[in-house]
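The values are calculated or read from the model by the stated rules, or taken from the named source; none is laboratory data. Worth saying up front: this structure is predicted, and the values here are computed from it rather than measured. With ideal geometry, Cβ positions are generated from the backbone for all residues, glycine too; neighbour counts draw on all protein chains shown.
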Amino acid sequence: MKNNTEISERILKIIDYLGISTNEFAHKLGYARSQAIYDILNGKAKPSFSFFENLYNSEYSELFNLTWILHGSGDMLLNKKSIGNELSGDTDSKTLNTQENDLYKELYEKSLSTITELNREIGKLQLQLDQCTKKAATYASLSGTATLHKT
């Protein structure tokens, strides 16, 4: 059972390194429910062939060293530069990942705010267009000479 506990600890290190929840990690590996991952982390179950196959086929296969996951030997990362040149020996990778997540969240929130503002502006412009169309139709019917073509 000791090997299972050690593998579980290494899997938890991966999740911590990624800065994501266990639930999100499970979904990224193709699990519909995260219970299988929780059972591995809690030592209730051993990682199955299916788990390692899912991990190998995931976006993480090029980042994490499978030998390290299985045996604890070597480095956790296949290539320390794979997360960018910002990672140096004294930089905490979890902090870097959290900072990246914060930047993406901030960018998302700004984009959402911009989209909301643009939608409001589109609504105002649509209202103005409708009012102009009605006025033009009124003038056309009064003068009897102009023909309004709506496009």
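For this structure, a couple of remarks:
- Any chance GLU62 is under 21 Å from ALA26 (Cα atoms), at pLDDT 70 or above and of a type in the set (D, E, K, R): yes
- Matching residues, region 1-47, being among the hydrophobic types (A, V, I, L, M, F, W, C), assigned to a helix (DSSP H, G or I) and within 17 Å of the chain's Cα centre (by Cα): ILE14, ILE15, LEU18, PHE25, ALA26
- Within region 10-19, tally of residues that are of a type outside the set (Lys, Arg), surrounded by 15 or more Cβ atoms within 10 Å (Cβ to Cβ) and farther than 15 Å from SER58 by Cα: 3
- The one condition in (1) of a type outside the set (Asp, Glu); (2) under 17 Å from THR22 (Cα atoms); (3) loosely packed, with under 12 Cβ neighbours inside 10 Å; (4) modelled with pLDDT under 85 that ASN79 fails to fulfil: (2)
- Consider region 94-151 and keep the residues that are β-branched (Val, Ile, Thr) and at pLDDT below 70. The one that is surrounded by the fewest Cβ atoms within 10 Å (Cβ to Cβ) is THR151.
- Contacts under 7 angstrom Cβ, first residue in region 22-40 being over 13 Å from SER8 (Cβ atoms) and in contact (Cβ under 8 Å) with a residue 24 or more places away in the chain, partner loosely packed, with under 14 Cβ neighbours inside 10 Å and of a type in the set (Asp, Glu), 6 or more apart: LYS28/GLU59
- Across region 48-76, the qualifying residues are those that are in a helix (DSSP H, G or I) and in contact (Cβ under 8 Å) with a residue 40 or more places away in the chain, and the one among them that is surrounded by the fewest Cβ atoms within 10 Å (Cβ to Cβ) is LEU70.
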